[in-house]
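Worksheet: one structure, shown below.
The numbers here are math on the coordinates, done by the rules we state, and not lab data. Just so we're clear, the structure is a prediction, and the values are computed from it rather than from any experiment. When we count neighbours, we look across all protein chains shown, and the Cβ atoms used for this are built from the backbone with ideal geometry, even at glycine.
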Amino acid sequence: MTLQERVDRIVNLLDSKKAEEIEVFDLGNIDYIAKQVIIANSLGGKHTQALFDNMKEELKPLGETFYGADESDEWIVADLGEIMVHLMTPNYRLRYNLEEFLKELKDSKISN
């Protein structure tokens, strides 16, 4: 399975479980910890955990490896090797604004 197919599968799974504002960042040409970053909003703390639990239940049997995770009610980061998934409540997403960081990182590498 290609990296893009893996990303598409994760995005479709999150979408089917009511994750919102799903964004994918392709960082394949940048020296970063992952080649793809997926950010999605949860509907709240319990939904954040439910999204993560569902990802593990659905993706592990399909061969996806979860190398690690940092979990809280507001923000869960899952390391799937080439893919990093951030599941966040809307307030945390606004507060930490990862999208801006990732866009600046990508833009600075492209312009260099």
Quiz item: What ranking do 87-100, 20-33 get when scored by the average of other Cβ atoms within 10 Å per residue, highest first?
Solution: 87-100, 20-33
Quiz item: Cross-link partners among aspartates and glutamates for Lys35, C-alpha distance below 12 Å, same-chain residues fewer than 8 apart left out?
Solution: Asp26, Asp79, Glu82
Practice problem: Please give the residues of the range 22-60, grouped as numeric ranges, whose backbone N is less than 14 Å from a label point set 7 Å along the Cα-to-Cβ vector of Asp79. | Solution: 32-35
Practice problem: Please turn the phi angles of the range 75-84 into ³J(HN,Hα) values with the Karplus equation 6.51 cos²θ - 1.76 cosθ + 1.60 (θ = phi - 60°), one per residue in order, whole Hz, x for glycine and proline. | Solution: 7, 10, 10, 10, 9, 10, x, 6, 10, 10
Self-check item: Antiparallel bridges, percent of DSSP beta bridges restricted to the chain (to nearest 5)
Solution: 70 percent
Exercise. Go ahead and estimate [θ] at 222 nm for the chain from helices alone: -39,500 (n - 2.57) per DSSP H run with n ≥ 4, summed, over the residue count, rounded to 500.
Key: -14000 deg cm²/dmol
Practice problem: Classify the range 1-64 as rounded, prolate or oblate from the Cα gyration tensor: take a ≥ b ≥ c as the square roots of its eigenvalues, call it rounded if a/c is under 1.5, otherwise prolate when a/b beats b/c and oblate if not. | Solution: oblate
Practice problem: Place a +1 charge on the Cβ of each Lys and Arg in the chain and a -1 charge on the Cβ of each Asp and Glu, then give the dipole magnitude about the Cα centre in debye, rounded to the nearest 20. | Solution: 60 debye
Practice problem: For Lys17, list the lysines whose Cα falls under 21 Å from its own Cα; do not include residues on the same chain fewer than 8 positions away. | Solution: Lys46, Lys56, Lys60
